[in-house]
Amino acid sequence: MTRVRARSLGAAILSIVGLVIFLSAAAAPPRIESPRAAAASTSEVALTLDPAQCKVHWTLDSTLHTVHGTFNLKSGSVHFDPSTGKAGGEIVVFATSGESGNDSRDKRMHKEILETAKYPEVVFHPTQVEGQVAVSGPSEVKLHGTFSIHGTDHDLIALVHAELAGDHWTGTGKFEVPYVTWGIKDPSNFFLKVKHVVNVELEMSGATKPAQTAP
């Protein structure tokens, strides 16, 4: 008889506990995402680069004169979160498009220095924006990322001036390429000494649009 009563009491307690859990779950209101959290998930800004309106300019100093040249942009996009500065995207340049206005010099640049038949592209992958980008008007920031050239990756920081205006933006990016330190051949010879750093300026223009967030 004692065992029967104990079992009945235990069953009653379990029933009460189960009922309490059920009622608690039923009474809990549905979770609603705060406006701030919702805004954070769609706060990224995406900038696309129009190759027809962009150009890469470079200068290289030597003991005789300063060499000026250009490269053409293949494609480009940068997206970033203004609240954290975290960035992504890819900017691709045709290494094979490089020219300086001198055929023999350019031929040597492509064949012996950059080896563009083997490494036809130069790529920059942004990772972090340092500074605040204004929703409208000019901004001065530093863009950190990985610069891939001649088959190797290097950390790089570009000084960027950008101006956003509605669905369009323009800007410039400036940085230095210490090509000899990065393992690229020094073009200097007995008569001509060339500086081991190339100054690069990227002239940019394109569209501004919200980035697509993952579902």
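Observations on the model:
- Of all residues in segment 26-79 being modelled with pLDDT of 95 or more and basic (Lys, Arg), the one that is most open to solvent (accessible area, probe 1.4 Å): LYS74
- Among residues of segment 184-215, those that are at pLDDT below 95, assigned to a strand (DSSP E or B) and surrounded by fewer than 18 Cβ atoms within 10 Å (Cβ to Cβ), counted: 3
- Of the numbered criteria (1) of a type in the set (Ser, Thr, Tyr); (2) surrounded by 15 or more Cβ atoms within 10 Å (Cβ to Cβ); (3) more than 24 Å from SER75 (Cα to Cα), the one THR181 fails is (2).
- From the options THR208, THR170, THR152, THR181, residue that is free of Cβ contacts under 8 Å to residues at least 24 places away in the same chain and of a type in the set (S, T, N, Q): THR181
- Residues being of a type in the set (D, E, K, R) and touching a residue at least 24 places away in the same chain (Cβ under 8 Å) - total across segment 132-149: 0
- Matching entry among THR70, THR96 (being closer than 24 Å to GLY183 by Cβ, touching a His at 6+ places or on another chain (Cβ under 6 Å) and of a type outside the set (Asp, Glu)): THR70
The values are calculated or read from the model by the stated rules, or taken from the named source; none is laboratory data. Quick caveat: nothing in here was measured; it's all calculated off a predicted structure. When we count neighbours, we look across all protein chains shown, and the Cβ atoms used for this are built from the backbone with ideal geometry, even at glycine. Each accessible area value is taken on the protein alone, full model and side chains, heavy atoms only, with ligands, DNA and RNA left out. Shrake-Rupley method; radii C 1.70, N 1.55, O 1.52, S 1.80 Å.
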